[in-house]
């Protein structure tokens, strides 16, 4: 048998194997399961999952890439610097649109930008057929908890404890338990939204890679791995700004027009007195 005959026979066999799905459920289950490594520090064993490793790789790549685009600011900006400045200005304008001042927007921009960079890098890395960290529920939960704690910190920093408290008891104080519940639901919503979208896209792309391994995964990956990954990062950052803005807006209103809140208290007091008087009659 000639070399070419052997080559084409082997090529045909491997191509057939690629298009033979086999046990799809087992393959997807294998892809979903976490890869765990253990690092021994004396008698203590630390669990190191694939999500942690991929997160550090993705974040490092994203930081290096963006750093190379903005490390040397020029008076006459080039294309890279212009792109970065446009993103920063867009972030500031979104924050101002939710009621923050320019200075407040500049204060939260680095943290919000960090959320966006980390989530984007971790989601987009799946285009290289690497499992994204968000398929592990721990990653979205950790990001959501960081976000809600930052929302509370930034809001108190901007409007003080009084302004933060006022946002919880407006428009009526009876809503306080529901506002507190809302603070618990918000991180759950952020985490589940990120996890659901990324995990669903990951499972779908794994299925496509198994069933149709040639051409189609690359085309679909442009959306499910690239566009959808960036979109989820933008939505996460956008909602974090919105949560800060809805608290800060009430705080600013209290600071600029305290008489409005005093009038509301007087009106409530009069309404209570009127109801008591009508009940006595």
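I'd like the full set of residues that are touching a helix residue (DSSP H, G or I) at 6+ places or on another chain (Cβ under 9 Å) and free of Cβ contacts under 8 Å to residues at least 12 places away in the same chain, limited to region 54-67. If the condition is that a residue be touching a helix residue (DSSP H, G or I) at 6+ places or on another chain (Cβ under 9 Å) and free of Cβ contacts under 8 Å to residues at least 12 places away in the same chain, then 60, 65 are the ones that fit.
I'd like to check something: does region 185-204 contain any residue that is over 29 Å from residue 127 (Cβ atoms) and at pLDDT 85 or above?
So the first thing to find is which residues in region 185-204 are over 29 Å from residue 127 (Cβ atoms), and the list is 185-186.
If we keep only those that are at pLDDT 85 or above as well, we get 185-186.
The answer is yes; a qualifying residue exists.
Taking the condition at pLDDT below 75, in a helix (DSSP H, G or I) and out of contact with any strand residue (DSSP E or B) (no Cβ under 7 Å at 6 or more places or on another chain), does residue 8 pass? Against the criterion (at pLDDT below 75, in a helix (DSSP H, G or I) and out of contact with any strand residue (DSSP E or B) (no Cβ under 7 Å at 6 or more places or on another chain)), residue 8 qualifies.
Residues checked against (1) assigned to a loop (DSSP other than H, G, I, E, B); (2) closer than 30 Å to residue 163 by Cβ; (3) touching a helix residue (DSSP H, G or I) at 6+ places or on another chain (Cβ under 8 Å); (4) at pLDDT 75 or above:
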{"position": "217", "(1), (2), (3), (4)": "no, no, yes, no"}
{"position": "221", "(1), (2), (3), (4)": "no, no, yes, no"}
{"position": "226", "(1), (2), (3), (4)": "no, no, yes, yes"}
{"position": "235", "(1), (2), (3), (4)": "no, yes, yes, yes"}
{"position": "247", "(1), (2), (3), (4)": "no, yes, yes, yes"}
{"position": "253", "(1), (2), (3), (4)": "no, yes, yes, yes"}
{"position": "263", "(1), (2), (3), (4)": "no, yes, no, no"}
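Screening residue 86 on (1) in contact (Cβ under 8 Å) with a residue 40 or more places away in the chain; (2) exposed (fewer than 15 other Cβ atoms within 10 Å of the Cβ); (3) under 23 Å from residue 228 (Cβ atoms) shows it passes everything except condition (1). Among the residues making up region 46-56, a single one is modelled with pLDDT of 80 or more and surrounded by fewer than 14 Cβ atoms within 10 Å (Cβ to Cβ): 56. Looking at region 130-167, which of its residues are buried (at least 18 other Cβ atoms within 10 Å of the Cβ) and more than 17 Å from residue 51 (Cα to Cα)? Residues satisfying the conditions are 147, 148, 150, 151, 154, 155, 158, 159, 163, 164, 166, 167. Within region 57-78, can you find the residues that are surrounded by 13 or more Cβ atoms within 10 Å (Cβ to Cβ) and closer than 30 Å to residue 137 by Cα? Selection gives 57, 58, 59, 61, 62, 63, 66.
Restricting attention to region 118-129, which residues are loosely packed, with under 15 Cβ neighbours inside 10 Å and within 15 Å of residue 55 (Cβ to Cβ)? Full working, then the answer.
Of all residues in region 118-129, those loosely packed, with under 15 Cβ neighbours inside 10 Å come to 128-129.
Answer for region 118-129, where residues must be loosely packed, with under 15 Cβ neighbours inside 10 Å and within 15 Å of residue 55 (Cβ to Cβ): just 128.
Can you spot a residue in region 160-170 that is in contact (Cβ under 8 Å) with a residue 40 or more places away in the chain, part of a loop (DSSP other than H, G, I, E, B) and over 17 Å from residue 233 (Cα atoms)? The answer is yes; a qualifying residue exists.
Selection of first residues in region 100-122 that are over 16 Å from residue 242 (Cβ atoms) and of second residues that are at pLDDT below 90 and not in a helix (DSSP H, G or I), restricted to Cβ pairs under 8 Å at least 6 apart or on distinct chains, gives the following pairs, ordered by first then second residue: 122/132.
The values are calculated or read from the model by the stated rules, or taken from the named source; none is laboratory data. Just so it is clear, the model here is predicted, and its values are computed rather than measured. Note: ideal-geometry Cβ built from the backbone for every residue, glycine included; neighbour counts use all protein chains shown.
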